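Report on the following structure.
The values are calculated or read from the model by the stated rules, or taken from the named source; none is laboratory data. Source: prediction; values computed, not measured. Positions of Cβ are generated from backbone atoms using ideal geometry, with glycine treated the same way; all protein chains shown enter the neighbour counts.
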Ligand SMILES: O=C(O)CCC(=O)C(=O)O
């Protein structure tokens with residue numbers, strides 16, 4: 001469970017790093033799941049997004065549908081316990097995705113806030129105690145392999161008026177204007193999520209984040225589980241997302257139970 005100091009750090013910075021949560025055996029099983037999810041044998045191939053080159057996989061959505069390992073990882077106590085500490089007792093999986101950042105091919109993620117997209121899905125509240133994402137690093141990650149990058153404390157701005165960028169990558173995104181990123185990072189700097197596979201990072205929906213290309217010879221696979229408070233579900237009448245994909249918002253209808261197990 002998180003200490004009071006860790007909770008205060010999350011409140012202040014909008015993220016918290018939990019080192020060594022998954023061991024080498026668990027990471028190997030999640031890596032094997034990642035390889036299965038990127039193949040056409042996947043039960044839901046439409047859930048996968050390809051990079052602009054038309055060949056390399058960019059992302060697999062709704063991973064819990066086809067991977068028992070991912071399905072356990074999203075509920076296991078060492079991940080979901082801290083999530084519930086921050087969001088409350090009744091929490092469900094809002095969305096999941098696995099971003100592959102293929103070696104030498106993986107494209108950028110422009111600076112953005114996840115809640116800017118979730119707002120378009122009709123989710124009423126995007127505060128740091130309403131929605132957050134657990135990132136599980138599946139590969140050892142360095143500055144060269146396109147790590148996730150945060151502007152610490154940027155969640156305190158609330159939702160920043162976004163630009164809808166349909167041209168930079170293969171996937172349209174509500175991005176934060178460059179001048180806003182500059183203003184926010186001039187004060188706080190930028191933090192890179194580098195470190196060994198098995199590291200977990202919890203970050204909130206209004207935290208400004210992005211990543212550059214993968215210039216390394218190794219893939220950088222990041223698994224993401226986005227959670228929402230059960231009483232903050234999207235209001236369908238307020239959904240305005242332009243590029244709809246049925247795998248983007250999880251069909252899971254009920255609040256999750258914790259999986260009491262040491263390993264996935
Ligand atoms: O995986 C990355 O590098 C960025 C992921 C991200 O920000 C997203 O999927 O919204």
Exercise. If a residue has to be surrounded by fewer than 20 Cβ atoms within 10 Å (Cβ to Cβ) and part of a helix (DSSP H, G or I) to count, how many in the stretch 79-109 make the cut?
Worked result: 3
Problem set entry | Residue identified as closer than 28 Å to residue 214 by Cα, at pLDDT 95 or above and touching a strand residue (DSSP E or B) at 6+ places or on another chain (Cβ under 8 Å) among 58, 42 | 58
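Tell me whether the stretch 43-53 contains one or more residues that are at positive phi and within 15 Å of the ligand (Cβ to nearest atom). Don't jump to the end; show me each part of the working.
If we filter the stretch 43-53 for residues that are at positive phi, which is where we start, we get none.
Within the stretch 43-53, none of the residues are at positive phi and within 15 Å of the ligand (Cβ to nearest atom).
Could you grab me the full set of residues in the stretch 123-182 that are farther than 27 Å from residue 240 by Cβ and surrounded by fewer than 14 Cβ atoms within 10 Å (Cβ to Cβ)?
Filtering the stretch 123-182 for residues farther than 27 Å from residue 240 by Cβ gives 136-147, 149, 152-153, 182.
If the condition is that a residue be farther than 27 Å from residue 240 by Cβ and surrounded by fewer than 14 Cβ atoms within 10 Å (Cβ to Cβ), then 143, 182 are the ones that fit.
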For this session: Specify which of the listed residues (21, 2) is modelled with pLDDT of 95 or more, over 18 Å from the mean Cα position of the chain (by Cα), under 19 Å from residue 135 (Cβ atoms) and outside any helix (DSSP H, G or I).
Result: 2
Exercise. If you check every pair at least six apart or on different chains, which have Cβ atoms under 9 Å apart with a residue in the stretch 207-220 that is under 17 Å from residue 138 (Cα atoms) and modelled with pLDDT of 95 or more first and a residue that is near the ligand (Cβ under 7 Å from one of its atoms) and part of a strand (DSSP E or B) second?
Worked result: 211/99; 211/109; 211/222; 220/99; 220/211
Seminar exercise, completed: Within the stretch 51-78, residues more than 14 Å from residue 200 (Cβ to Cβ) and assigned to a strand (DSSP E or B) come out as 57, 58, 59, 60, 61
Exercise. Do you know which of the residues in the stretch 218-257 that are crowded, with 17+ Cβ neighbours inside 10 Å and over 23 Å from residue 72 (Cβ atoms) is farthest from the ligand (Cβ to nearest atom)?
Worked result: 232
Seminar exercise, completed: (1) in contact with a strand residue (DSSP E or B) (Cβ under 9 Å, 6 or more places away or on another chain); (2) within 13 Å of the ligand (Cβ to nearest atom) all hold for residue 195 apart from (2)
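Among 169, 180, which is the only one that is under 20 Å from residue 115 (Cα atoms), over 15 Å from the mean Cα position of the chain (by Cα) and part of a loop (DSSP other than H, G, I, E, B)? Show your work before the answer.
Values: 180 fails: part of a loop (DSSP other than H, G, I, E, B).
Matching residue, one of 169, 180: 169.
For the stretch 183-196, which positions are assigned to a strand (DSSP E or B) and within 17 Å of residue 109 (Cβ to Cβ)? First the steps, then the outcome.
We begin by selecting, within the stretch 183-196, every residue assigned to a strand (DSSP E or B); these are 191-192, 195.
Listed by number, the residues that qualify are 191, 192.
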Problem set entry | Failed item in (1) in a loop (DSSP other than H, G, I, E, B); (2) in contact with a helix residue (DSSP H, G or I) (Cβ under 9 Å, 6 or more places away or on another chain), with residue 243 passing the rest | (2)
